[in-house]
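See below for the structure under consideration.
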């Protein structure tokens, strides 16, 4: 994976700069930090994340924190629910259709890696597609990744690798021949 890209499909470096500490209500930030400190105590950590969500239900930092918690705890269905919320939030933030299937390349500045809101949309769509794949919903995952590649023709967020994984599934690799 590319530098700064976590296993869960989220670009860690820019998201932390763009999301954490910018506009997060102080109490929500405290709960995010406490959730991180209590990560090994699932119920405590999730409780803090839920409290942060109550305080700032649409803040990217809170949603990403909850998404990552569920993802790394192997609660992929829960992570998918949060990923869906992130796609909807990113669509609203970009002023584009809430249904990712209806989004067109020209609806936002998807070609510019410097455009934070369109890039956040691309990363949330990638995470959503990745989770669908992990959950065995391969055709839905393929559709999401194909839409990602349509929007991100230069593959700045690395969707092609996920499509390649899908294409290799079910094939036997011959390493010695």
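The values are calculated or read from the model by the stated rules, or taken from the named source; none is laboratory data. Since we're looking at a predicted model, the values are computed, not measured. Don't worry about glycine lacking a Cβ; one is built from the backbone with ideal geometry, like all the others, and counts go over all protein chains shown.
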Exactly one of (1) at pLDDT 95 or above; (2) loosely packed, with under 15 Cβ neighbours inside 10 Å; (3) under 23 Å from residue 35 (Cβ atoms) is unmet by residue 58. Its number?
-> (1)
Residue check, residue 6 within 18 Å of residue 157 (Cα to Cα) and either within 14 Å of the chain's Cα centre (by Cα) or modelled with pLDDT of 95 or more (or both) | yes
Which one is surrounded by the most Cβ atoms within 10 Å (Cβ to Cβ), of the residues in the stretch 75-122 that are touching a residue at least 40 places away in the same chain (Cβ under 8 Å) and closer than 13 Å to residue 63 by Cα?
-> 83
Only listed residue being surrounded by 23 or more Cβ atoms within 10 Å (Cβ to Cβ), touching a residue at least 24 places away in the same chain (Cβ under 8 Å) and farther than 30 Å from residue 45 by Cα, chosen from 125, 138, 148 = 148
